[in-house]
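The values are calculated or read from the model by the stated rules, or taken from the named source; none is laboratory data. None of these values were measured; they are calculated from a predicted model. Note: ideal-geometry Cβ built from the backbone for every residue, glycine included; neighbour counts use all protein chains shown. The accessibility values were calculated without ligands, DNA or RNA, using every heavy atom of the protein model including side chains. Shrake-Rupley method; radii C 1.70, N 1.55, O 1.52, S 1.80 Å.
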Amino acid sequence: MAVLLLLVILSFPIIPSFSHALLLFMTSLDFRFSPYCTRYHRIGVRIGPPPDLPSLLLHNRIVYIGMPLVPAVTELVIAELLYLNYESTSDPITMYINSSGTTTATGQQVGFETEAFAIADVMKYVRPPVHTVALGQAFGAAAMLLGQGKRGRRSALPNATIQLNQPKSMARGQASDIAIKARETQANRRTMCNLIASACQKPVNVVEKDCQRVKYLQPHEAVEYGLIDRVVENEKSLPVKPSFITQLNQ
């Protein structure tokens, strides 16, 4: 299409000045997109990242967890946190959480609690503050990650659902193997409850009692429980305003 338009422009020698001006304008339109291009240009002006959602979110220091905590998800989230840590040690990172934790929505286990522990450790390891926002669902280990955000910057959207539960043991095989797995599950349960208790500033025995059975929390209940700090009602309350969209609207 661009080649055809150029041929049409050059076929009008009677108005060389107009053709030349239009040709210069077209060649100044620089839309580049390649794996090695980290910015998106239009008319030679840098206005943001390439127009794909992962790059757009990462450019605005946003980490999105939208799947159960399986190893591939953990690997990506940790890599993004470490990258953003070395990109800037002061600008906050916003983590949006819409995850069923280490299980599916039906309760089938698909990941290990150590996946969530790894993310929680890196959230504390990186120097930038990590702001957390729950939307949709934050169940089990995902609820624990929600509470690991910077105090005062842990949020939930009005219709999010938060669930506290305890790790499940899916051990099979010989009795000795089942006993070993049961001890490991108990250790993971203590670690999970300790992390939640620290985030909520509650005694560990209270959290352990609450996690013995599934406990659902609506956003305002999660605020009262101490797992989050506020309920985000509108766009003005969002912790990050995307710079790419702002520059496009100028």
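Contact annotation: no residue pair with Cβ atoms under 6 Å, 6 or more positions apart or on different chains, pairs a residue in segment 141-157 that is at positive phi with a partner that is surrounded by 24 or more Cβ atoms within 10 Å (Cβ to Cβ). Look at (1) within 19 Å of Tyr96 (Cα to Cα); (2) touching a helix residue (DSSP H, G or I) at 6+ places or on another chain (Cβ under 8 Å); (3) at pLDDT 85 or above and you find that Phe244 fails only one, number (3). Counting only helices (runs of 4 or more DSSP H) that sit wholly inside segment 64-164, those with at least 2 residues that are more than 11 Å from the chain's Cα centre (by Cα) and modelled with pLDDT under 95 are 71-87, 113-125. Among residues belonging to segment 207-221 that are open to solvent by 60 Å² or more (accessible area, probe 1.4 Å), not in a helix (DSSP H, G or I) and not aromatic (Phe, Trp, Tyr), point out the one that is farthest from Thr114 (Cα to Cα). Only one residue tops the list, namely Gln218. Here Asn188 fulfils each of the conditions (1) modelled with pLDDT under 95; (2) in contact with a strand residue (DSSP E or B) (Cβ under 9 Å, 6 or more places away or on another chain); (3) open to solvent by less than 40 Å² (accessible area, probe 1.4 Å) apart from (2). Please verify whether Thr132 is hydroxyl-bearing (Ser, Thr, Tyr), buried (at least 17 other Cβ atoms within 10 Å of the Cβ), farther than 21 Å from Arg189 by Cβ and touching a His at 6+ places or on another chain (Cβ under 8 Å), treating the condition exactly as stated. No, not satisfied.
Which residues, taken from segment 78-116, are closer than 20 Å to Cys193 by Cα and open to solvent by less than 50 Å² (accessible area, probe 1.4 Å)? Ile97, Ser99, Ser100, Gly101, Thr102, Thr103, Gly107, Gln109, Gly111, Glu113, Glu115, Ala116 - these are the residues of segment 78-116 that are closer than 20 Å to Cys193 by Cα and open to solvent by less than 50 Å² (accessible area, probe 1.4 Å). Scanning segment 194-206 for residues that are part of a helix (DSSP H, G or I) and without any contact (Cβ under 8 Å) to a residue 24 or more places away in the chain yields Asn194, Ala197, Ser198, Val204, Asn205, Val206.
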